[in-house]
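Down below is the structure, laid out as structure tokens.
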Amino acid sequence: MLRAFRKGWTRASKTARHGANTEGTAAVEFALLLPVMITLFFGVVESSLALLCRADVSLMAATAGDLISQTKQATTADISNVYSAAGTLLYPYYDPSKTGSEKPTIRITSVVDDGSGAATGDHLTGKVAWSCTQSGSGTLTPASRTVNTTVTLPQPLMTDKGSVVIAEIAYNYVSATTKTITGPINFTNNFYAKPRRVLQIASPTGGCP
């Protein structure tokens, strides 16, 4: 009976020692959590970069609209300079010195009073006087703006015999993650500005670049 008791005690002691042995548990848990941690890390980094790019696109639209609204009559060179100035705001996402760096799509449009505001008092519409576009990677909606077509403004910005400058930006954000999972993300933004020195900015001398 004493021998049987000793055997039982020995087995119980071995079981207790095995149960209390936690060597390697931390390594196993880390191995299980590592993929999740890596995914979260890269997700935060990618989201931050995408949001920064989105903010730059908004700043580009505001810059382009502000620059054009300061002119009385833009020239071909002026429009080209606006394209270049706005494009620099996308660095390092867009770098013209690098081969394969895709340009943003930039469209600058002058919308003039179509006379409907004087009749209805809403001043929500106008007609396209001129429009210049730098073709790039992004997609704008509508795809084009034709002279004399009607444009509906988001607010009653038009004044009698006045005009509104619309700067539209579109850029395809691409990263290593978006190439593999989602594909390019099309960021867009519009900015509306009133000419500061004239009621209506004349079409660019020399035409669009």
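Which residue, chosen from S101, I169, P195, occupies the Cα position most advanced towards the positive end of the dipole of the range 100-209, where the dipole is computed from +1 (Lys, Arg) and -1 (Asp, Glu) charges on Cβ about the Cα centre?
Positive-end residue among those listed: S101.
5 Å is the cut-off here: which amide hydrogens, built 1.01 Å from N in the peptide plane, fall below it relative to V151, excluding neighbours closer than 5 in sequence?
Result for V151 returns G126, K127, V128.
Say we join alpha carbon atoms closer than 10 Å with springs in a Gaussian network model of the chain; which of M37, M60, M158 then has the biggest fluctuation?
Greatest mean-square fluctuation among the candidates belongs to M37.
Enumerate lysine pairs in the chain that are 8 or more residues apart or on different chains, then count those whose Cα atoms are under 26 Å apart.
8
What is the helix-to-structure angle for 76-88, meaning the angle in degrees between its Cα long axis and the longest Cα principal axis of the chain, kept from 0 to 90 and rounded to the nearest 10?
10 degrees
Per the helix-only calculation at 222 nm, which mean residue ellipticity applies to the chain, given -39500 (n - 2.57) for every DSSP H run of n ≥ 4 and division by its residues, nearest 500 deg cm²/dmol?
-14000 deg cm²/dmol
So what are the ³J(HN,Hα) numbers for the range 131-142, from phi and the Karplus equation (6.51, -1.76, 1.60; θ = phi - 60°), rounded to whole Hz, Gly and Pro as x?
Ordered by residue, 3J(HN,Hα) equals 8, 10, 10, 9, 6, x, 7, x, 10, 9, 10, x Hz.
When the dipole is taken about the Cα centre of the range 2-204, and only Lys, Arg (+1) and Asp, Glu (-1) are charged at their Cβ, what size is it in debye, to the nearest 20?
Taking the Cα centre of the range 2-204 as origin, the dipole is about 1400 debye.
Between exposed trypsin sites (Lys or Arg not before Pro) in the chain, where DSSP calls loop and at most 16 other Cβ atoms lie within 10 Å, what's the longest gap?
1-71
Bear in mind these aren't lab numbers, they're just calculated from the coordinates by the rules spelled out. Since the structure is predicted, the reported quantities are computational estimates derived from the model, not experimental observations. In this analysis, Cβ positions are derived from the backbone assuming ideal geometry, glycine residues included, and neighbour counts consider all displayed protein chains.
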